[in-house]
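These notes are about the structure you will find just below.
Read-outs: derived from the displayed coordinates by stated rules, not from any lab. Just so it is clear, the model here is predicted, and its values are computed rather than measured. Please note: Cβ atoms are built from the backbone with ideal geometry, for glycine as well, and neighbour counts cover all protein chains shown.
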Amino acid sequence: MSLAALHDVPAPAKINLFLHIIGRRADGYHLLQSPFQLIDWADRLHFERRADGRLQRHDLGAALPEDDLCLRAARTLQAASGTSLGADISIDKQVPWGAGMGGGSSDAASTLLALNRLWGLHWPRERLLAIGLTLGADVPFFVGGRNAFVEGIGEVLTPVALPRQWFAVVKPAASLPTAAIFGHPALVRDTEAVILAGLLDGVLGASVFSSGYGRNDLQPPAEDRCPEVAQAARWLESQFGNSRMTGSGSAVFARAGTGDQPVATIPAESLPLGWVGRMCRGLEQHPLLEWASD
C-alpha cells in the first residue's frame, strides 16, 4: 500500500569537530577536510502526498525564505524521477539559521529521503547523493546518513565511528553569510592536509576527534566580522574549558563529556539577550539511515 503522509520526519543538525581549508580549485571552490558529527538538535518535517503534482511548503514557526532548499530538493527529485506526484511540506524549524550547523541542508536531505518513500521511487542512496550535491555542499553528508570525514568541496565522504559525547552549543543573535566568511582576506587557505588513516591509526584512534584536535580555519575571519562569535567562544571556554566555532558560524560548541550526563550544563539565565543554547548528544547515525538502500 502506498503512503499518503509521513509525519515528524527529523532533520538533525551537525557540527564540524574541526575544519581545515587545504586549497582552492580553479573555479573558486574551497577544498576542505572536516569530521562532521550529527547531533540531536533537529528540525521536524511533515509530508503529505498530492496527486496534482504541486509542491507547497508550510512554515509552522518562523517564516523561511520563499524558495528554500526543501522546495528546491523536492523540485529536483520530482523532475529527475518524472513522477506526477507532489507534496505539502510543513517545517517545524528548530535549528538556528546562519549558524553553520547545516540546518537548511539537513532539511533538504530529509526531504529527498522522505519523498523517495512517499512517492514510491525506491531510489538507492547513490542516486539521492548525486541530487544532493547539486543542491549544496553539505547535503550529501546528511543523505549519507553516517558521521563522516568530509573532503573535497563536501562530496568525498568517508564514514567514521565517532565517540558518543555531549556538546554545549550556543548560537549568538547574529548570523553569518557563508560567502562573506569564505571571501574574507584573512582566511587561511593552505592548511596542511592530514591523512585520515593516520588520524584513525593506533594510539590516536577516535579520541583525536574528542580531544580538541585541529581548528576551524573559518573562525578568525568570522570573529573579525562578528565579535559575538568571539564572545560566545570565550563564554563557552569559561563554562566548559574549551570552545570552537562550527562551519562558517556563528554557532560555537564545547565538548561536554562522554558519560550519561554532561560535565556541566548551559545556565540559560546567563546567556545574553537573543542567544540560544542547548546541550546536545552526538548521534551515532542519521535517524533516517535506513530510508535509502546502499
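Along the charge dipole of the stretch 2-73, Cβ charges K/R +1 and D/E -1, which of P10, L32, F47 sits furthest on the positive end?
Value: L32.
What does the highest-first list of 163-172, 80-89 look like by mean Cβ count within 10 Å?
163-172, 80-89
I'd like the antiparallel share, as a percent to the nearest 5, of DSSP beta bridges with both residues in the chain.
Antiparallel bridges: around 90 percent, rounded to the nearest 5.
What is the packing order of peptides 242-251, 20-29, taking the mean over residues of other C-beta atoms within 10 Å and listing the highest first?
242-251, 20-29
Based on the Kirkwood radius over alpha-carbon pairs, what is the Stokes-Einstein translational diffusion coefficient of the stretch 22-123 at 10 °C with 1.306 mPa s viscosity, in µm²/s?
In µm²/s, the coefficient is 106.
Once you keep just the Cα pairs under 8 angstrom separated by 6 or more residues, what percentage relative contact order results for the stretch 137-231?
25 percent
Order of 102-110, 41-49 by packing, highest average Cβ count within 10 Å first?
Those peptides, ordered most packed to least, come out 102-110, 41-49.
Multiply the residue separation of L289 and D224 by 0.36 nm, subtract the distance between their alpha-carbon atoms, and state the gained length in nm to one decimal.
Extending this stretch completely gives an extra 19.6 nm.
DSSP beta bridges in the stretch 5-160, what fraction antiparallel, as a percent rounded to 5?
Roughly 85 percent of the DSSP beta bridges within the stretch 5-160 come out antiparallel.
Let me see the pair-distance distribution of the chain: every alpha carbon pair, 10 Å bin width, integer percents in order.
So the P(r) values, bin by bin, are 6, 29, 35, 22, 7, 1.
Can you tell me, using C-alpha contacts under 8 Å and at least 6 residues apart, the relative contact order of the stretch 5-160 as a whole percent?
27 percent
At q = 0.12, 0.15, 0.23 Å⁻¹, work out log10 I(q)/I(0) for the stretch 192-294 with the Debye formula, treating every Cα as an identical point scatterer and leaving solvent out; two decimals please.
Log10 of I(q)/I(0), two decimals: -0.54, -0.81, -1.29.
Starting from the 7 Å offset along Cα-to-Cβ, what nm value, one decimal, do you get for the label separation of R25 and A173?
3.9 nm
Taking the Cβ of S2 as the center, what net charge do the other residues with Cβ under 12 Å away carry, scoring Lys and Arg +1 and Asp and Glu -1?
The answer is +2.
If I take every Cα pair under 8 Å that is 6 or more residues apart in the chain, average their sequence separation and divide by the length, what percent do I get for the relative contact order?
25 percent
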